[in-house]
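Engineer: Please find one structure pasted underneath; my questions will follow.
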Amino acid sequence: MSTPKTKSAPDPAKLEQLQVLAVASQKARLAPNDEQLAIELTREFLSSGKGGVVAVAPILSAMSWNVAVESVCPVWMEFKPAQRKYLLAELPVTGDESVRRLVMSLARGLQPVDPATALKLLENLCAGLLADGEPSQKSRQNFAGVFLGKGRPWFHNLPLADLADSSPLARCVVYAGMVSPPLSQLYIVRWLVGAGLMDVLPPELLAQFTGQIQRWPGRLKKELSAESLTLPGSIAAVIALPEEARHEKPQPRPVKPAPEPSAHPEMRRENPAPSRRESPSRESSGDIPRLLQQIDREFQRLRQELQQARSAPKIASPPRNRSREAAPAGGARDAISRSR
């Protein structure tokens, strides 16, 4: 009689080794050899059945997000459906920001291979983020870094047909959009309208988001207004208003008159110096000879004054007082006479 096969319990030594690597990965990036070892050990436990999944799930949530994603996502489709179910059930969607960041990365990594699971994981995460009202500032930044980015936002890859009731996801996307640049906010508006999620936003959140759209540059407002999208009235009104009506232009500063150039009085009477906005080059061609004649006359006058100053007789300077210089000589003669 054959005995039924029983799966061995997780190796305590390997669990402890994986725990040490998980803690180290939170402090700094693991060395390549240690990182590969952590990935192999995690996959071994995930493939060993429910006991291994239950044992490794808390350790997985303590790992850095890059090790966790590399341990799970490439081999996700190799797991049996029961193993995937165990992992999703044991994986925490609440906790500190590092755990939430890890779940965000797992959802993004699973989307190409299992979109339905990625969406479910993301919706559970968003529900946890909104449990206390609004996501924290750090959660918004992490969400924006993972799902929005700088280029085309990742959440555009989610199937629109499955998003009809995704109110928590839509709210988290908008919250993250309010800490993102205007271009990412433009993608969010398009996505919300295309997924039919604009109407599920609470009025106060829509008002906050509209305030962000109001500060867009005119180029993006014009681009959005040119698209045939069914927008809420508040957003449509904001992008329809001219830029001049929302932002008053600063009054131009008065221009100070240019200071009068210092020149000879006769020169100023005959030909006043042009201001900075005027240039002799802009004068008509008939005035150039007259200007040259005036310059030549002024030059001859100055030359004549210089010659007269050089030929004038020099005034003799008064004799210097030599009393102080002669005093030492007189004192010397008195000293000689007394010695005689």
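The values are calculated or read from the model by the stated rules, or taken from the named source; none is laboratory data. Quick caveat: nothing in here was measured; it's all calculated off a predicted structure. Positions of Cβ are backbone-derived with ideal geometry, glycine not excepted, and every protein chain shown enters the neighbour counts.
Engineer: Could you list all residues from region 84-122 that are over 19 Å from Ile39 (Cα atoms), surrounded by 15 or more Cβ atoms within 10 Å (Cβ to Cβ) and either touching a Pro at 6+ places or on another chain (Cβ under 6 Å) or charged (D, E, K, R) (or both)?
Structural biologist: Arg100, Asp114, Lys120
Engineer: Any residue in region 35-46 that's within 16 Å of Ser64 (Cβ to Cβ): show its pairings with residues that are hydroxyl-bearing (Ser, Thr, Tyr) and surrounded by fewer than 21 Cβ atoms within 10 Å (Cβ to Cβ) at Cβ separation under 9 Å, as long as the two are six or more apart or on different chains.
Structural biologist: What qualifies is Glu35/Ser25; Ala38/Ser25.
Engineer: Tell me, please, whether a residue that is at pLDDT below 90 and in contact with a Ser or Thr (Cβ under 9 Å, 6 or more places away or on another chain) can be found in region 30-38.
Structural biologist: yes
Engineer: What do you reckon, is Pro81 within 19 Å of Leu110 (Cα to Cα), surrounded by fewer than 19 Cβ atoms within 10 Å (Cβ to Cβ) and either under 41 Å from the mean Cα position of the chain (by Cα) or modelled with pLDDT under 90 (or both)?
Structural biologist: Criteria met by Pro81.
Engineer: Identify, please: which residue in region 101-118 is of a type in the set (Val, Ile, Thr) and assigned to a helix (DSSP H, G or I) and is, among those, nearest to Gly145 (Cα to Cα)?
Structural biologist: Selected residue: Val103.
Engineer: Related question: Suppose we keep only residues that are of a type in the set (A, V, I, L, M, F, W, C) and assigned to a helix (DSSP H, G or I) within region 80-100. Which one would you say is farthest from Ala57 (Cα to Cα)?
Structural biologist: That would be Ala82.
Rundown of residues vs (1) out of contact with any Pro (no Cβ under 6 Å at 6 or more places or on another chain); (2) in contact (Cβ under 8 Å) with a residue 40 or more places away in the chain; (3) in a helix (DSSP H, G or I); (4) surrounded by 21 or more Cβ atoms within 10 Å (Cβ to Cβ), yes/no style:
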| residue | (1), (2), (3), (4) |
| --- | --- |
| Val67 | yes, yes, yes, yes |
| Met77 | yes, no, yes, no |
| Ala127 | no, yes, yes, no |
| Pro135 | yes, yes, no, yes |
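Engineer: Turning to a different aspect of this structure: If you check Phe155, Phe147, Phe143, which single one turns out to be within 18 Å of the chain's Cα centre (by Cα), closer than 25 Å to Val99 by Cα and modelled with pLDDT under 90?
Structural biologist: Result of the check over Phe155, Phe147, Phe143: Phe147.
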